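Peer 1: Have a look at this one.
The values are calculated or read from the model by the stated rules, or taken from the named source; none is laboratory data. On a predicted model such as this, the values are computed, not experimentally measured, just so you know. Glycine also receives a Cβ, built like all others from the backbone with ideal geometry; neighbour counts cover every protein chain displayed. Protein only, heavy atoms only, side chains kept; ligands, DNA and RNA dropped before computing areas. Shrake-Rupley method; radii C 1.70, N 1.55, O 1.52, S 1.80 Å.
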Amino acid sequence: PPYTYYWDGNAGTASTSVNPESTQTYSVYVMDANGCISNYKYVTINVHPPLWVDAEPETNLICPGEVATITATYGGGDGGPYIMGLNGESYTNPPFEVTPINNTQYVISVNDFCGTSTAYDTVEVQVAEVPSSTFNSNDVSGCEPYEIQFNVLDPDADNEYVWDYGDGDISHYGSLTS
């Protein structure tokens, strides 16, 4: 006998296709040629929310040679486990530690095993320029006890000058006598 299937109240065939954007419950019942109706059947299609990632460097500006830590919060999709990526390389969890030699942008990605579209965030770690300093001394050799005057030739009020003589004494002045 011919059957008519009613998907959410709409007449159709034995199968139907749906593309829900959020979790939906669908109903179906069958009517035969005599008008007899089956019990309703329900199915819930769970649609996971989109993946998301929010990454931030703990410090936006580092000195050359320093390590920058990039943290990331993330979620969505099927709830994990997640596959994290830094510039295309897979990692299990943040934080990520990087040591750029110049200003560098990093792309952080998150994916799951559900097939949800990968989420991305981009952060930049800036590397400060090495301050330059030119100094001289009034002499370079002599007999002990010998006093030498060191002078900064290009003083910059934004810089701190640290003089380390290798004997445990460190001074913080623009010009020194040692």
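Peer 1: Of the listed peptides 148-156, 30-38, 104-112, 55-63, what is their order by residue-averaged count of other C-beta atoms within 10 Å, with the highest listed first?
Peer 2: Numbers: 148-156: 13.1, 30-38: 11.1, 104-112: 18.8, 55-63: 15.1.
Ranked from most to least packed, the peptides come out as 104-112, 55-63, 148-156, 30-38.
Peer 1: Can you pull the accessible area of GLU160 for me, 1.4 Å probe, Å² to the nearest 10?
Peer 2: 130
Peer 1: I'd like the distance between the alpha-carbon centres of the range 1-52 and the range 116-134, rounded to an integer number of Å.
Peer 2: Their Cα centres are 51 Å away from one another.
Peer 1: Could you sort TRP7, TRP52 by accessible area so the largest value comes first, with the probe set to 1.4 Å?
Peer 2: Correct descending sequence by accessible area is TRP52, TRP7.
Peer 1: How do ASP164, ASP78, ASP158 stack up against each other in accessible area, from largest to smallest, with a 1.4 angstrom probe?
Peer 2: So the residues, ranked largest to smallest area, are ASP158, ASP164, ASP78.
Peer 1: Here's something else I'd like to know. Can you check what the net charge comes to around PRO100, using other residues whose Cβ is under 10 Å from the Cβ of PRO100 (Lys, Arg +1; Asp, Glu -1)?
Peer 2: Combined, the nearby Lys, Arg, Asp and Glu give -2.
Peer 1: For the chain, what relative contact order do you get, as a whole percent, if you take Cα pairs closer than 8 Å and at least 6 residues apart?
Peer 2: Details: 347 pairs, mean separation 25.9, N = 178.
About 15 percent, as a whole number.
Peer 1: Just going by the charge dipole of the chain, with Lys and Arg at +1 and Asp and Glu at -1 on Cβ, which of ILE45, TYR161, THR13 is farthest out on the positive end?
Peer 2: Value computed over the given set: THR13.
Peer 1: Okay, moving on. Which one, THR118, PRO100, THR59, is farthest towards the positive end of the dipole of the range 51-141 when Lys and Arg carry +1 and Asp and Glu -1 on their Cβ?
Peer 2: Checking the options against the dipole of the range 51-141, the answer is THR118.
Peer 1: Translational D (Stokes-Einstein, µm²/s) of the chain at 25 °C and 0.890 mPa s when Rh comes from the Kirkwood sum over C-alpha pairs?
Peer 2: Estimated diffusion coefficient is 106 µm²/s.
Peer 1: In the range 1-152, what percentage of the DSSP-assigned beta bridges are antiparallel, given to the nearest 5?
Peer 2: On the way: 41 of 43 bridges.
Once the DSSP bridges in the range 1-152 are tallied, antiparallel ones form about 95 percent.
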